[in-house]
Amino acid sequence: MTEKNMTKADFYTSVVLMVFGITVTVMARQMPEIPRDPYSAPGVLPTILGVIITGLSFIMFLRSIIKTKGQLGISGMSIKTAVTSTTFYRILATIVLCLCYVFFLGKVWFPALTFFFIFVFIVLFEYDRKTTFKPQIKMLFFAALVALTASSMITAIFRYLFLVRLP
């Protein structure tokens with residue numbers, strides 16, 4: 001990637017990260033607080049992280065504008081190229097998958113939901129549409145094995161090590 005493209009990528013990334021950081025901060029501030037000890041409230045750490053992400057992404061935003069002197073070369077054609085790229089669809093698929101996970105969290109048994117999330121994530125990015133199904137059975141088996149192992153370990157760690165009641 002050239003220096004000019006990297007600066008443009010920094011600009012786009014900083015905008016997305018600023019929106020993300022602000023969203024995390026706002027959502028964390030809406031979490032309940034414990035009246036006796038406000039520093040042990042569940043929203044304290046996410047608030048701090050959201051502020052840090054927002055601040056650092058704002059610095060990256062300013063650096064990308066200063067480096068290019070405001071001439072980022074953003075045009076309709078460059079946006080069309082970015083939106084039609086495979087990378088854009090992968091990012092979009094990741095966001096949709098994560099939003100589905102969050103939506104179903106608490107409505108579906110946690111280990112099953114986590115298994116399904118990991119399995120679909122692996123298959124989504126490893127499945128080759130140009131190849132027939134039969135040679136990819138091994139990949140599906142390993143995706144299921146990884147998803148089963150990871151969801152079991154995540155559930156056990158949160159339940160028994162961190163003592164978190166899982167949905």
| note | Given the conditions (1) within 23 Å of Thr94 (Cα to Cα); (2) surrounded by 11 or more Cβ atoms within 10 Å (Cβ to Cβ), every one holds for Lys130 apart from (2)
| field | Extreme residue, surrounded by the most Cβ atoms within 10 Å (Cβ to Cβ), among residues of region 105-120 that are β-branched (Val, Ile, Thr) and within 19 Å of the chain's Cα centre (by Cα) | value | Thr114
| query | How many of the residues making up region 96-145 are in a loop (DSSP other than H, G, I, E, B) and under 21 Å from Phe158 (Cβ atoms)? | reply | 3
| query | Residues in region 23-36: is at least one modelled with pLDDT of 75 or more, surrounded by 14 or more Cβ atoms within 10 Å (Cβ to Cβ) and of a type in the set (Val, Ile, Thr)? | reply | yes
| task | Scan region 25-70 residue by residue and report those that are within 16 Å of Ser14 (Cα to Cα) and not in a helix (DSSP H, G or I). | result | Gly70
| field | Pair list, Cβ under 6 Å, 6 or more apart: region 116-136 residue basic (Lys, Arg), other residue modelled with pLDDT of 90 or more | value | none
| request: Considering (1) in contact with a Phe, Trp or Tyr (Cβ under 7 Å, 6 or more places away or on another chain); (2) at pLDDT 95 or above; (3) loosely packed, with under 14 Cβ neighbours inside 10 Å, say which one Ala143 fails and leave the rest. | output: (3)
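The values are calculated or read from the model by the stated rules, or taken from the named source; none is laboratory data. The shown structure was predicted, so the numbers you read here are calculated from the model rather than taken from an experiment. Don't worry about glycine lacking a Cβ; one is built from the backbone with ideal geometry, like all the others, and counts go over all protein chains shown.
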